[in-house]
1. Which whole-number percentage describes the relative contact order of the stretch 88-142, with Cα contacts under 8 Å and a sequence gap of 6 or more?
2. In the neighborhood of residue 249, defined by Cβ-to-Cβ distances under 12 Å, what is the net charge if each Lys or Arg adds +1 and each Asp or Glu adds -1?
3. What ³J(HN,Hα) values, in whole Hz, does the Karplus curve 6.51 cos²θ - 1.76 cosθ + 1.60 give for the stretch 93-101 when θ = phi - 60°, with x put for Gly and Pro?
4. Return the whole-Å distance between the Cα centroid of the stretch 359-428 and the Cα centroid of the stretch 475-546.
5. Subtract the Cα-Cα distance of residue 660 and residue 340 from 0.36 nm times their separation in residues, and report this length gain in nm to one decimal.
6. For every other residue with a beta carbon closer than 15 angstrom to the beta carbon of residue 561, add +1 if it is Lys or Arg and -1 if Asp or Glu, then tell me the sum.
7. For residue 67, what accessible area in Å² do you get when you roll a 1.4 Å probe over the heavy atoms of the protein chains, rounding to the nearest 10?
8. Note down the magnitude of the dipole of the stretch 495-621 about its Cα centre, charges +1 on Lys and Arg C-beta and -1 on Asp and Glu C-beta and zero elsewhere, to the nearest 20 debye.
Amino acid sequence: MKKIYTVLGLILLSPLFALAQPAPQLREDNIDEVLKAMTLEEKAMLLVGNASHFTSSTAVVGGSAVKVPGAAGTTAAIPRLGIPETVLTDGPAGVRINATREGTAQTFYATGFPIGSCLASTWNTGLVRMVGEAIGEETRDYHCDVILGPGMNLHRNPLCGRNFEYYSEDPLLTGKIAASYVLGVQSKGVGVSIKHFAVNSQETNRTGVDERVSQRALRELYLRGFEYAVREAKPWTVMSAYNRINGTYAQGNRDLLTSVLRDDWGFRGIVMTDWIGERADMAIPDQVRAGNDLFEPGEAKQMNDIIDAVKNGKLDIKDVDRNVRNMLEYIVKTPTFRKYQATDRPDLKAHAAITRATAAEGIVLLKNEKGTLPMKDVKKVALFGVGSYHFLSGGVGSGCVHTPYIVDMVEGLKNAGIASTSNLTEMYTKYVDFQKIKTEADRDPARWFERPDMGDQKLPEIAISRQQIQAEASASDAAIITLSRQAGEGIDRAIEGEFNLTELEQEMIGNVTAAYHQMGKKVIVIINSGSVIETASWRNLPDAILMAWQPGEEGGNSVADILTGKVCPSGKLTMTWPIQAADHPSTANFPQDDMTIYHYESMKGWSKDGLPNRDYTNHEEDIWVGYRYFDTFGRNVAYPFGYGLSYTTFAYGQPRVKQSGDKITLSVSVKNTGKVAGKEVVQVYVSAPKGNMVKPAKELKAFGKTRELKAGESETLTLTMDVRDLASFDETGSQWVADAGTYRFMVGANVEDIRGTATASLKRYVEKVSNVLAPTHAINKMIK
Ligand code: BGC
């Protein structure tokens, strides 16, 4: 405490010095001068988030800023040098700040955009960029400088609790979608923080787990998406992950934060920690040296540790100065520094239209038997499932946005001129504690780490007798069943009841389809979930299935747009839907028990290293993640990577490939051969010639989306790749290598549905990179 007063004293006295010698005021072109004028205390202050400097010694997760209530954190102001406080707000599905404030009747709602997996399912980089622009405007207009997103960890396994915030099991798709989001946000003069760098693919014990993974899987999968985003979009900031990677915490991992991020990829922005505060088992000087510029949310002790370490010779002032310079370079770019006149009134109406259209494009049509959709002659539907009445627009935790409203299924259909049966609506309203569900979805950060408790939500399904279902079938033209899944921060999903359907849900689908089919009426299932669920055991029952994700505040309207045919579905899956959760090889090394709640020391498997999948996770599946595994080894899946149906059909022309220098260009024509207008996602998978390394049968190397093509209309898409995109990571030489030989470029509508192939002979390509991040423990590879 004494030290804090000393620091405060110095800061308060600083105006006296200023009288003697005017302190330079920060400008874009005098960073050196300001750096020189800074005291050690001021430098330390700038490297530690401002959240709890002088108020408490405990870290606060998810909202302690004063200037913008509900924002996640700030950087310190040093008025003597004209350095303003900058504000960091959560995302990524929109600006997360408090909707109301003391002393004013004004509200500060932010648009709830579709979650990451829905955004990525559009495969539409232009649209994602537009979403980024809208989020950038809201960030700026709410007095914030950085949005803490996009989340871009890889979907290593469908059970990860935060998959909803992330994009895909594929690093290229992840990287390109993230780059578009970043370019959009940053075009508005505010920054992003791409997160969580890296390998934060599980939530169980996320702040302690050691992710043990080969250099090849790191480079080809877990780091690759970040690499694309850094190279293509130059994010202002990167947020390191909580977890360790091969023994060292990401936030103090010099290999990761300096050798890979800055030396190999040329990153020029700042790196901040995730919101953890002081770590008992990693010294602050190590983290400063590693290349971590900013500690969030910030504790006075961290600042004092920096000061002490420099004074005791344990930390070189050059390391501090390098990080402070990075901070100053960041600050001069911010809207706060540039005195942007924020309005606190972003255009929520215009952004609602963007989220509605984006979500509709991200919704994936999984099944559509006998043209069930778009709905024809349907005037009234019976809406089953709590989710129909309490539609989930987003996930739980720091990614939950305070939206002005959420359009549920009842309202969305009503807006489209389709009524819902009143008996069922009354019944659900009577049984379901909607207030409880609401509180659950947007709960206090202190409770983020508990499994969402939906309380009574299954009661109506128990209460609805077969007789009542029969009555509903007579009273309506079709049935819609909404299956909802909530997930969030700090906890992974369970197989039973979360990935798999509950018995009640299965029973409901069985009973409703039996009753409706008997009367020749259709049943449509809407999945309202952030990530994948089991479908293989029940998908033969309903007539149509839509994966609606958690599609943002306009959700009900977006779904209705698809159901009615106002929008032709064009979303495609960005991850494989397995038949069972255990089909993913990573499931064998993924937390299956609720290890955050149980007393895990007594659990089977406990050793001096701790408990597998809690204290350390061995990536025994190595590079065989998602379709790379299923496709290469011919395993059956429920729905393959890249899959999604349309209301129309497309024919592909013969693809052509051209090489010019380091660029490869593939062009292919796509023709709408059906009856309605629609867009098509074109996916380019590449198969490499046989070399020394075992490789996946195909890997996604480019993709594109047509504009809306009218029936009979064609478009030629031209997609470019860099030769380095085709390389695999050779651990022995720590280098990217693309062998010489014939490459097959397969153009497909999904990974299993290849429509045309072109080949090109390429020369050998080699690119050396830092030889870092090697595992410190032997990892037994499942597939040799
Ligand atoms: C999350 C981050 C988030 C931060 C600030 C952490 O718990 O992991 O994604 O940005 O909190 O709220």
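1. Relative CO of the stretch 88-142 lands at 32 percent.
2. Cβ neighbours under 12 Å give a net charge of -2.
3. 7, x, 7, 9, 10, 5, 7, 10, 9
4. First find each Cα centre; the distance between them is then 13 Å.
5. Here the segment from residue 660 to residue 340 would lengthen by 110.8 nm.
6. Computed value for this residue: -2.
7. Residue 67 exposes around 80 Å² with every protein chain in place.
8. With only Lys, Arg, Asp and Glu charged at Cβ, the dipole is about 540 debye.
The values are calculated or read from the model by the stated rules, or taken from the named source; none is laboratory data. Here the structure is a predicted model, which is why all the values come from computation and not from measurement. Cβ sites come from the backbone with ideal geometry, for glycine too, and all protein chains shown count toward neighbours. Keep in mind that these areas ignore ligands, DNA and RNA; they rest on the heavy atoms of the full protein, side chains included. Shrake-Rupley method; radii C 1.70, N 1.55, O 1.52, S 1.80 Å.
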